[in-house]
Amino acid sequence: MNNTDRKPKRRIRKSIILFLMGCILCGIVAAYAPGYLTKRNLKQLGYDKTTIQNILKEDLQDDILSHSYYSDYLAQVINDGSLHREYMYLYTVLDSDRHLEEKDLLLYNRLVDEGYETDQLVNLYQNLTFAELTPLLVYDYQWNEQQYIDDVIRNREASASGTFTLDEEYITWYRLSETVTDPQPDSLISQTYQLMESYIPENLTTLSSEHAVDGVQLSKAAADAFAQLSADSVQAAHSMYATAGYVDYATQQTAYTYYVNHMGAGSADYYTERAGSSEHQSGTAVNIALTYENTDDLVNTEAYAWLKENAASYGFIIRYPMEKALITGRNEPAHLRYIGKKLAEKVNASSLSYDEYYLLYMAEWNEESLIPSKAILEKTDYQTS
């Protein structure tokens, strides 16, 4: 075969090679450029290499870049794994020494449920602590939250002694009322949350004269618990007995009417509760006195110190302590409420009044979509009512 019979060799045009190389290069750029740009943009916001890696790992970059979120505190919680991304904005407006816990985030949603707007909440959280914010769950809605903030800050030194102190009042008692339609042993009963006239607790039990004055009745669980508390107080040389227990609606109404007729409505609310708002109607409230000490000076006695330390182990809380009077509306250190040992110990450990505790951890929501994530709730005392 001569050379003239050979087929010519095919050659790939240089232009095709360049085209293919360009396609490959474009593919590489397309694959890596977004990642590069994302990292560059995060760096420009202020994040360091380690934080950027954690942002990408948790897929936070879109939220952060779309809102230009940055703060030292946000970077801190991203790196330590404590970030709850639905509150990302809040982390950007607070200093790291504010240190948001899950209970703060639950409280945030509760306040939203009460009508507070984002700008109000930012102002509140930037200036006040958890313990200074929780009274807002009890108080009327504050249109001008700055007034409340200023009052709290002005009285911080006085409040440091343990008694929550304010110059102004932030609630009009009895202005709102809500009927407790299905009372439970742990139901909140107050000037706002009231029992029906027809409500009579089941299993009322009369306390023996060993532990009470004649005729004092409580629901059985409360009666049994108080009998044990009273007996143990004797053994501890702090003899306590019950002076009042269950009071029916009609009797409470009669007492309130008496004070209104003799002292006026304002004074009546100081001396006694209106019918329906008294815990005594629930059969779970008991007033105590000391056998060998002056009950008028109850809070300064060794017996009261023993009671504060031990009441929860019997299922009781001191319902209206002096230091929480501006939140509960009452100063009755001799008034105990039975809510069960497990709950009483949690309330006692929280340092909150029962009003605050209940409205934060136990109350129903106006808008259930505001209930925080399970990851948040599991790290608080939250429980469904």
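Couple of notes before you dig in:
- Verdict on GLU323 being among the acidic types (Asp, Glu) and farther than 19 Å from TYR170 by Cβ: no
- Of ARG330, ARG337, all but one fail to be within 19 Å of ALA222 (Cα to Cα) and assigned by TED's automatic domain parsing to the domain that holds GLN217; the exception is ARG337.
- For the range 165-174, taking the residues that are of a type in the set (Phe, Trp, Tyr) and either modelled with pLDDT under 95 or exposed (fewer than 12 other Cβ atoms within 10 Å of the Cβ) (or both), the one that is nearest to ILE149 (Cα to Cα) is identified as TRP173.
- Of all residues making up the range 91-112, the number that are among the aliphatic types (A, V, I, L, M) and part of a loop (DSSP other than H, G, I, E, B): 2
- Considering residues of the range 302-319 that are without any contact (Cβ under 8 Å) to a residue 24 or more places away in the chain and surrounded by fewer than 23 Cβ atoms within 10 Å (Cβ to Cβ) only, the residue farthest from ALA344 (Cα to Cα): ALA305
- Boolean, ALA375 is part of a helix (DSSP H, G or I), loosely packed, with under 15 Cβ neighbours inside 10 Å and touching a residue at least 60 places away in the same chain (Cβ under 8 Å): yes
- Counting only helices (runs of 4 or more DSSP H) that sit wholly inside the range 113-199, those with at least 1 residues that are among the β-branched types (Val, Ile, Thr) are 118-127, 145-154.
- Checking the range 75-96 against the condition returns no match, with no residue being surrounded by fewer than 16 Cβ atoms within 10 Å (Cβ to Cβ), under 28 Å from ALA325 (Cβ atoms) and not basic (Lys, Arg).
- Listing of helices (runs of 4 or more DSSP H) fully contained in the range 33-89 that carry 3 or more residues being closer than 30 Å to ARG110 by Cα: 61-67, 72-80
- Residue list for the range 180-202, filter: at pLDDT below 95, farther than 19 Å from ALA250 by Cα and touching a strand residue (DSSP E or B) at 6+ places or on another chain (Cβ under 8 Å): PRO185
- Residue ID - surrounded by the most Cβ atoms within 10 Å (Cβ to Cβ), chosen from residues in the range 243-272 that are within 25 Å of LEU218 (Cβ to Cβ) and aliphatic (A, V, I, L, M): VAL247
- Among the residues of the range 198-224, just one is surrounded by 13 or more Cβ atoms within 10 Å (Cβ to Cβ), charged (D, E, K, R) and out of contact with any Asp or Glu (no Cβ under 9 Å at 6 or more places or on another chain), namely ASP224.
- Every condition in (1) of a type in the set (Gly, Ala, Ser); (2) touching a strand residue (DSSP E or B) at 6+ places or on another chain (Cβ under 8 Å); (3) buried (at least 18 other Cβ atoms within 10 Å of the Cβ) holds for SER177 except the one numbered (3).
- Checklist (1) touching a strand residue (DSSP E or B) at 6+ places or on another chain (Cβ under 8 Å); (2) in contact (Cβ under 8 Å) with a residue 60 or more places away in the chain applied to ALA242, failing item: (2)
- Some residue of the range 135-143 being touching a residue at least 12 places away in the same chain (Cβ under 8 Å) and on the phi > 0 side of the Ramachandran plot: no
- Of the criteria (1) crowded, with 20+ Cβ neighbours inside 10 Å; (2) touching a residue at least 60 places away in the same chain (Cβ under 8 Å); (3) of a type outside the set (Phe, Trp, Tyr), which one ALA131 fails: (1)
- Within the range 274-298, the set of residues being under 27 Å from the mean Cα position of the chain (by Cα) and assigned to a helix (DSSP H, G or I) comprises GLU279, HIS280, GLN281, SER282.
- Within the range 144-195, the set of residues being over 20 Å from the mean Cα position of the chain (by Cα) and aromatic (Phe, Trp, Tyr) comprises TRP173, TYR174.
- Test: residue in the range 245-262 that is in a loop (DSSP other than H, G, I, E, B) and over 24 Å from LEU195 (Cα atoms): no
The values are calculated or read from the model by the stated rules, or taken from the named source; none is laboratory data. Note that the structure is a prediction, hence the values are computed from the model and not measured. A quick note on method: Cβ atoms are made from the backbone with ideal geometry, for glycine too, and the neighbour counts reach across all protein chains shown.
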